[in-house]
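One structure is given below, encoded as structure tokens.
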Amino acid sequence: MEIKLKSIMGKDKTAIVGKLNVSVGDTIETGQVILQLETKKGNSPLKSEISGTVEEILISEGQTVEIGQTLLCVKSESGGETVPKLDYFAGMINGKKEDINADILIIGGGPGGYVAAIHAAKNGRKVVLAERKAMGGTCLNEGCIPTKAIVKSAELYEHIKNANEFGLEVKDARADMSKIIDRKNSIKDTLVSGIEYLMNKNEIRVIKGSASFVDERTVSVKSGRDEYTVEAENIIIATGSTSSTLKIPGIDNEFVMNSTKALDCRDNMDCVTIIGGGVIGMEFAFIYSNLGMKVNVVEYFDRVLTMVDSDVSEEICKIAKQRGIGIHTGSKVTRIGREENGKAVVFFEKDGTERFITSDKVLVATGREPDVQGLELENTGAAANENGRGIAVDSGMRTSVKHIYAIGDVNSRMQLAHVASHEGMVAVDNILGKDAHMDYTAVPNVIFTSPEIANVGLTEDAALREGLNISVSKFPFGANGKALTMGESEGFVKLIKDLDTGGIIGGAIIGPEASALISTLTMIINSRISEEEIIHTVFAHPTTGESIHEAVLGLGKGAFHYHE
């Protein structure tokens, strides 16, 4: 017997599954609360209308469900299958089946998929979007937004601890991880609801379920016993990525987390070991440090954040060490053990010697890989990249099958949410008959350490590898009035100029408000704004943006407010 979602509080058509109160094998009674539903109007319990044994659970916590969707399968107390009161049709017992035609089918509702859907719908196309989890994808549910919510809590706590520097006295401040996670979830849920609202307003059909290709124009979407067969003229794959896994002995211990588990960890820990000094690892390192925990980062390469310039990496390493974060580069993790008291022990090799670190938890933060699981791409002929990671596409986001496109992390070109969104727009524009191409020349990247790091265009290291004739200017935030008033004088603005063309080809910022300031550098590089035009642009005072102006001056006769 199936338990279906018959109604939702208010006028909502969808809700998010909150806490599941039952497991497979449990005996339930009529009137028992089996799960909580989260809606725009608040939380509401869902009670069982039957008694019996739970045979199958077809949904998970955090999943978005819609009216009519099957939630659980239950064997009645009599031992047989009982037909629901309101379910007179055998077809409904076996699950709903529906054939759907669409101009564009989008597989995946992350920042690439839902933006592509909206862009296509606004241009008059009939759009169907399939998503097996909550709308918003990894970025909104397990990545960008959740981490930044926790980053803000951690930074605020760090400011409170140092309030005396601002002439303020604060007593008995403490961090409550459970409340921090609750706040994160509230923000996430608000944004998920917002995307669902946009889908509805733009008349985009959203199907909850797992999609797999039947052939190059037909996709099956399954949700429990329900199955939808979608035929589309064009298909956009936007399934994103999943956390990479390492084959390390002991990695299955319960105290080992990936970034997804870390975002829901409510434990007030004293110490954490992080395996991986990339973006995820370093962001969490500063989160935990700002929350008062002892942090150690173990990185295989000879420096952390290998995607940024060496001097930027050195600067964030210096700041990390000043704050008590242990940085162990050139170190290979060999195994993870457990002490008698239950603490984790991470063993690693450095300079030919085995060393170890003990901690309460271990966070494995070693990147992400394209998610193509279950798509059955072999039924389409779409080719993989040469290295086998992700789906191969051209600059118009087309795969080797001309009417199938792949955007975002799944094509493995550049794993950034804002890149996925723009690639989605490029794909739709080509479907609309335009000759659109993705340009990665001026794509900003932000790392939410403390202070923030951002870069765009070529790095100095890359420019030198290409043999370019360059000039570099750096202006320190220690010479910026606004940064000093904020108590955030660490870091600098760095610009790279091609002396042969005279254009600014790259820039990096490490310091206060880097995530906002990088947009200015992106505009400069993307629009090819000249050095002279920037010099004669009036920057407001006092702002951190003046540091960009000063760095541009440094490419010529020199900055006004700094001299080495």
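What follows draws every value from the coordinates through simple rules; no lab data is involved. Since the structure is predicted, the reported quantities are computational estimates derived from the model, not experimental observations. Cβ atoms come from the backbone with ideal geometry, glycine included; neighbour counts cover every protein chain shown.
Computed quantities for the displayed model
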read-out	value
The range 445-553, relative contact order [Cα under 8 Å, separation at least 6], %	30
Cross-link partners of Lys497 among lysines (Cα-Cα below 18 Å; sequence separation of 8 or more within a chain)	Lys474, Lys557
Cys residues of the chain counted as unpaired, since no other Cys beta-carbon is under 4.7 Å	Cys73, Cys265, Cys271, Cys317
Separation in nanometres of the label points that stand 7 Å from Cα toward Cβ, at Thr485 and Asp500	4.4
Local electrostatic count at Ile34 - Lys and Arg +1, Asp and Glu -1, tallied over other residues with Cβ under 14 Å	-3
Angle in degrees between helix 417-431 and the longest Cα principal axis of the chain, rounded to the nearest 10	70
Nearest-20 debye value, the chain charge dipole, Cβ charges on Lys, Arg, Asp, Glu	1000
Amide proton proximity set for Met257, modelled H, under 5 Å, gap of 5+	Val362, Leu363, Val364
Folded to 0 to 90 degrees: helix 310-322 orientation relative to the chain principal axis, Cα	80
Mean Cβ neighbour count within 10 Å, used as a protection proxy, ranking 358-369, 19-30 highest first	358-369, 19-30
Additional length obtainable on full extension of the chain from Lys19 to Glu98, 0.36 nm per residue less Cα span	25.5 nm
Neighbourhood charge, 10 Å Cβ-Cβ cut-off, centred on Ser412 and excluding it, Lys, Arg +1 and Asp, Glu -1	+1
Aspartates and glutamates whose Cα lies under 19 Å from that of Lys482, excluding same-chain neighbours fewer than 8 positions away	Glu155, Glu165, Glu452, Glu490, Glu513, Glu546, Glu550
Over 23 Å between alpha carbons, listed pairs Lys148/Lys294; Lys47/Lys75; Lys294/Lys321; Lys152/Lys294; Lys148/Lys222	Lys148/Lys222
Residue-averaged [θ]222 nm for the chain, counting only DSSP H segments that reach four residues, each worth -39500 (n - 2.57)	-7500 deg cm²/dmol
FRET efficiency estimate (nearest 0.05) - Cβ-Cβ, Lys343 to Glu55, R0 30 angstrom	0.15
Dipole magnitude of the range 355-496 about its Cα centre (Cβ charges: Lys, Arg +1; Asp, Glu -1), debye to nearest 20	280
With Cα atoms, 0 to 90° folded angle of helix 514-526 axis to the chain main axis	80
Estimated FRET transfer efficiency when R0 is 41 angstrom, pair Ala163-Thr260 (beta carbons, to 0.05)	0.80
Net length gained if the chain between Ser515 and Arg225 were fully extended (0.36 nm per residue, minus Cα distance)	99.9 nm
Linear extension gain, Arg183 paired with Asn385, 0.36 nm per residue minus alpha-carbon span	68.8 nm
In nm, spacing of pseudo-spin labels at Leu464 and Gln322 (7 Å Cα→C-beta vector)	2.4
